[in-house]
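Participant: Handing you a structure now.
The values are calculated or read from the model by the stated rules, or taken from the named source; none is laboratory data. What you see is a predicted model; the values in this text were computed from it and never measured. All Cβ positions, glycine included, derive from the backbone under ideal geometry; neighbour counts span all protein chains shown.
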Amino acid sequence: MDIAQTIALTMGVAWASGINLYAAIFMLGFMGTTGNLELPPDLQILSDPMVMLAAGFMYCVEFFADKVPGVDTGWDGIHTFIRIPAGAILAAGAVGEVGTGAQLAAMVAGGTLATGSHLTKAGSRVMINTSPEPFSNWFASVGEDVAVIAGLWAALNHPVLFLVLLGLFILLMIWLLPRIWRGIRKVFGYLGRLFGAKSPDAGTNNPTANTKSRE
């Protein structure tokens, strides 16, 4: 691999891991097994049949869990502790035997990118779940799967194009995440009011309560 392909693969696996880790692992393992991709030494384990079987099984589980409103958010919450470290590890492995410093840098950058893509996916799903119909979840889930497969294919076959598109995604992510966070706060604030949760300072703003406390 040349430098552009190495960088594209490193960032590609981290980005894809934050969205759908199991699809990324299975696709890389499949391409390594069929000879379409010469995996770096630290990623050759992905071609192991047991790894591919486990990744394929978990992808099937996620395929259905990711399309049920509410379940997808719980699934994303659990996978915060799986996708992000896995993305960092895969990014470090994709660098190859360049040196410890390069692997550490790839791990830091990959972990950061996996965090961003995961938070964008998970936060978007919380907002989509406010829609009463389930079709938006299905379209979002299928779109994410297609994006992961197409993105990794582009990273391997058209690395420069992928890096340009990744740069645009990062800019979009920086613009989108604060807005998603504000939307999530509104959603949970509404749910708190719906189920009767009171604000922590509700008592201090109640004149009657303050009068009684002074008495």
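Participant: Give just the number: which of (1) outside any helix (DSSP H, G or I); (2) farther than 30 Å from P41 by Cα does E97 not satisfy?
Facilitator: Single failed check for E97: (2).
Participant: I'm trying to understand the selection: among the residues of the stretch 120-153, which are of a type in the set (S, T, Y) and either under 29 Å from T10 (Cβ atoms) or within 12 Å of the chain's Cα centre (by Cα) (or both)?
Facilitator: T120, S124, S141
Participant: Assess whether L156 counts as being out of contact with any Phe, Trp or Tyr (no Cβ under 7 Å at 6 or more places or on another chain) and surrounded by fewer than 16 Cβ atoms within 10 Å (Cβ to Cβ).
Facilitator: So L156 fails the test.
Participant: Turning to a different aspect of this structure: Somewhere in the stretch 26-43, is a residue among the hydrophobic types (A, V, I, L, M, F, W, C), part of a helix (DSSP H, G or I) and under 20 Å from G116 (Cα atoms)?
Facilitator: Checked against the condition, which is being among the hydrophobic types (A, V, I, L, M, F, W, C), part of a helix (DSSP H, G or I) and under 20 Å from G116 (Cα atoms), the stretch 26-43 yields no hits at all.
Participant: Continuing with the same structure: Looking at (1) surrounded by fewer than 17 Cβ atoms within 10 Å (Cβ to Cβ); (2) touching a residue at least 12 places away in the same chain (Cβ under 8 Å); (3) not in a loop (DSSP other than H, G, I, E, B), which one does L53 not meet, given that it meets all the others?
Facilitator: (2)
Participant: Same structure, new question: Of all residues in the stretch 87-113, which are farther than 17 Å from Q5 by Cα and among the β-branched types (V, I, T)?
Facilitator: I89, T100, V108, T112
Participant: I've got another one for you. Count, please, the residues in the stretch 71-104 that happen to be small (G, A, S), surrounded by 14 or more Cβ atoms within 10 Å (Cβ to Cβ) and under 11 Å from the mean Cα position of the chain (by Cα).
Facilitator: So in the stretch 71-104, the residues small (G, A, S) come out as 74, 77, 86-88, 91-94, 96, 99, 101-102.
Now restrict to residues that are surrounded by 14 or more Cβ atoms within 10 Å (Cβ to Cβ): 86-88, 91-94, 96, 102.
Checking the rest, the ones that are also under 11 Å from the mean Cα position of the chain (by Cα) come to 86-87.
Here the count works out to 2.
Participant: Further, regarding this structure: Anything in the stretch 56-77 that is assigned to a loop (DSSP other than H, G, I, E, B) and either in contact with a strand residue (DSSP E or B) (Cβ under 8 Å, 6 or more places away or on another chain) or not charged (D, E, K, R) (or both)? List them, or say none.
Facilitator: V68, P69, G70
Participant: Then there's this: With G167, G123, G151 as the choices, which residue is modelled with pLDDT of 90 or more, of a type in the set (G, A, S) and surrounded by fewer than 18 Cβ atoms within 10 Å (Cβ to Cβ)?
Facilitator: None of the others qualify; the one that does is G167.
Participant: I'm checking my understanding of the structure. Among residues of the stretch 10-50 that are crowded, with 24+ Cβ neighbours inside 10 Å and polar (S, T, N, Q), which one is nearest to S141 (Cα to Cα)?
Facilitator: Only one residue fits best here, namely N20.
Participant: List pairs: first in the stretch 91-118 and under 22 Å from N20 (Cβ atoms), second part of a helix (DSSP H, G or I) and acidic (D, E), Cβ under 6 Å, 6+ apart or cross-chain?
Facilitator: Here the result reads G93/D42, each pair linking the stretch 91-118 to a residue that is part of a helix (DSSP H, G or I) and acidic (D, E).
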